[in-house]
Each structure stands twice: as structure tokens, then as C-alpha cells.
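Here the structure is laid out as C-alpha cells; the discussion comes afterwards.
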Amino acid sequence: MRALEEYNRRRHFELTREPKPKKLSSKSGRLFVVQKHRASHLHYDLRFEVDGVLKSWAVPKGPSLDSSVKRLAMATEDHPLEYANFEGIIPEGEYGGGTVMVWDYGTYEEEDREPGESIRRGEFKFKLNGNKLKGSWVLVRIRARNWLLIKHRDRSATGKDVTNSKPFSVLTRRTLAEIAKDEGGNVAKASTGDPERVPRRPRSKRKAAKAS
Ligand code: MN
């Protein structure tokens, strides 16, 4: 699994509970996940299943549903598919040490050519069918590892701040601070990634599609 060499190299699997690569594809073959990650800085990791791995970008400010907003997205190393279900703690001192939340989860469709090819060319248009994120988007490479994430103008575009209004885990409805507390992480640090005023929790727990 050549594509995951960097992922493996950066991690000590005897210390972290992050998954070791195994699985080759999900049922749909088009899974996407957004993981909210309070490491040295807060960011949102946007990942797409492409050819058996999760192609990944770190979005410091998170996705915006406003089609006039461009969000910086830094390309990061491919992750194994089973990473899509990872929510919990990465030990401090390890790569990415901090708290990880599965913030959104679902499937995507490519809007253009084959996703691997689009990514290589630096312009990836896709449609999301997530719990929080829907509709058409594009990732455009500006230079090296720097890309922009932009929402297309469509029915799901809105000026509402989705990262603030929907701060809970799509899997467990927990905040970052609650995940840290449950799993023995740094609660004070994790809570800096939660909104100052936590909104009402969604009532029904919708099951996310599982990678299988
Ligand atoms: Mn991250």
C-alpha cells in the first residue's frame, strides 16, 4: 500500500489508537468524511474515498456554505479508509496530538471526470450527500499543497455559519470537549474548538453510513 507510506511513517501504532490501514473500499466506493480536529490548531480534515484511500485536505477555517467564500485547504497525506470512523484522542506529542470528531459523513459524486484524475489536474468538482454538507463544491489547487474549497451557488448554499450552528459529532452528538472528557484527553484544549455558546443538540441521532 504505497500510497499510505507517509501515513504509516508518521504514526506509532503502539501509542495511538488511530487505525492501521487494512480495508480497500467502502460499499459505495464514494465515501466522504469531515473530521474536526483540535491538534496544535483547530482544523477540519476533509477526506474523500478515491481508489482505496482517503484523499485528504486540512481546512483551517472549515467548510463554508457561502458561495462567495473561499476557504484554504491544505493537501495532507492519504489516509486509510477505516480512518473515516475514527473519533477520539491522539496522544499529545504524537503527530496530530489532540481530539478528533467525526463532524460530517456521507457519500459524494464526482461532477466531472474520475476523481483521482481531477485531483491530479488540480480541479476537483463534486457533489456531497452528507448530514451537514450537501450540494456542489469545488477544490481548486492554487500552488503546491494549497487548494481552495468553494461552495457552488445552488439550493444548499447559504450565508449561515454551519461550523458554529452544527458543532456536534455526526456519530455520537458529542462536542470536542465531551469527546476529550470521555476518552481521557485534554478537555481544556479540546473545548477551545467548540463554539463559545453551544447550541441545542439535535434530537434524533441519525446513523451515518459505515465504511464496510
Ligand atoms: Mn488533522
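Just a few scattered comments:
- Of all residues making up region 41-54, the number that are assigned to a strand (DSSP E or B) and within 14 Å of the ligand (Cβ to nearest atom): 7
- Any hit, region 98-109, residues being surrounded by fewer than 17 Cβ atoms within 10 Å (Cβ to Cβ) and at pLDDT 95 or above: yes
- R113 being farther than 21 Å from F13 by Cα, among the basic types (K, R) and either without any contact (Cβ under 8 Å) to a residue 12 or more places away in the chain or in a loop (DSSP other than H, G, I, E, B) (or both): yes
- Flag not set for G159, criterion: out of contact with any His (no Cβ under 8 Å at 6 or more places or on another chain) and at positive phi.
- Residue match in region 192-212 (condition: farther than 30 Å from H12 by Cα, under 15 Å from the mean Cα position of the chain (by Cα), of a type outside the set (S, T, N, Q) and at pLDDT 95 or above): no
- Residues that are more than 18 Å from K23 (Cβ to Cβ), within 13 Å of the ligand (Cβ to nearest atom) and free of Cβ contacts under 8 Å to residues at least 24 places away in the same chain within region 55-89 comprise A58, P60, listed in sequence order.
The values are calculated or read from the model by the stated rules, or taken from the named source; none is laboratory data. For clarity, every value in this text was computed on a predicted model and none was experimentally measured. Glycine gets a Cβ as well: all are built from the backbone with ideal geometry, and neighbour counts include every protein chain shown.
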